[in-house]
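Peer 1: Before I ask anything, let me first share the structure, which is written out below as structure tokens.
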Amino acid sequence: MMPSGLRLSLAVVDITMLAYWSVAALALTGFITLPASSMYRGYGTPLVDAWNWSFAPLDMLFALTGLASVRLAARGDARWRGLAIVSLALTGCAGLMAVSFWALTGDFDVSWWIPNLLLMALPLYWLPRLIRELA
């Protein structure tokens, strides 16, 4: 059975990530305009925007596998654990990659660091518990 805290964590993080990319896609296509002041440093420049979009496949993969895990757990399907482990590993990678980039560029904007540090912390908390239960 999936712990309720994990279920909530995956649902909130994964739905939020899908919402982020939905908004980003709307901005990219010109349906909405996002204020540069509320975005990451370099927003609107081709290289930094390409860097941001390079995360889309990874973010979508962790979000979709996380939500699939929640759904499988709700059905009592034991395969939820494997998908949760994959999702959490990818989530941690995404957070680490973003924080590493900003650290290397000297960009310490707390509004972007906190969410990505949380992406790193979530797997650090849940992965040992899930793996321990496999033994």
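Peer 1: Quote to one decimal, in nm, the extra length available between residue 58 and residue 100 on full extension: 0.36 nm per residue of separation minus the C-alpha distance between them.
Peer 2: 13.5 nm
Peer 1: To continue, here is another question. Out of [x] 135; [y] 298; [z] 107, which label holds the value of volume of the Cα convex hull per residue in Å³ that was computed here?
Peer 2: Computed from these coordinates, volume of the Cα convex hull per residue in Å³ corresponds to label [z].
Peer 1: As I understand it, the dipole of the chain uses +1 on the Cβ of Lys and Arg and -1 on the Cβ of Asp and Glu, about the Cα centre. Which of 38, 102, 119 lies farthest toward its positive end?
Peer 2: 119
Peer 1: Compute the distance in nm between two label points, each set 7 Å from the Cα along the Cα-to-Cβ direction, one at residue 135 and one at residue 16.
Peer 2: Spacing of the two 7 Å Cα→Cβ label points: 3.1 nm.
Peer 1: Identify the residues of the range 19-51 with backbone N under 16 Å of a label point that sits 7 angstrom from the Cα of residue 107 along the Cα-to-Cβ direction, or state none.
Peer 2: Hits in the range 19-51 for residue 107 at 16 Å: 24, 34-51.
Peer 1: Per the helix-only calculation at 222 nm, which mean residue ellipticity applies to the chain, given -39500 (n - 2.57) for every DSSP H run of n ≥ 4 and division by its residues, nearest 500 deg cm²/dmol?
Peer 2: Roughly -26500 deg cm²/dmol at 222 nm, from the helical runs in the chain.
Readers should treat all values here as calculations from the given coordinates under stated rules, not as data from a laboratory. Since the structure is predicted, the reported quantities are computational estimates derived from the model, not experimental observations. Please note: Cβ atoms are built from the backbone with ideal geometry, for glycine as well, and neighbour counts cover all protein chains shown.
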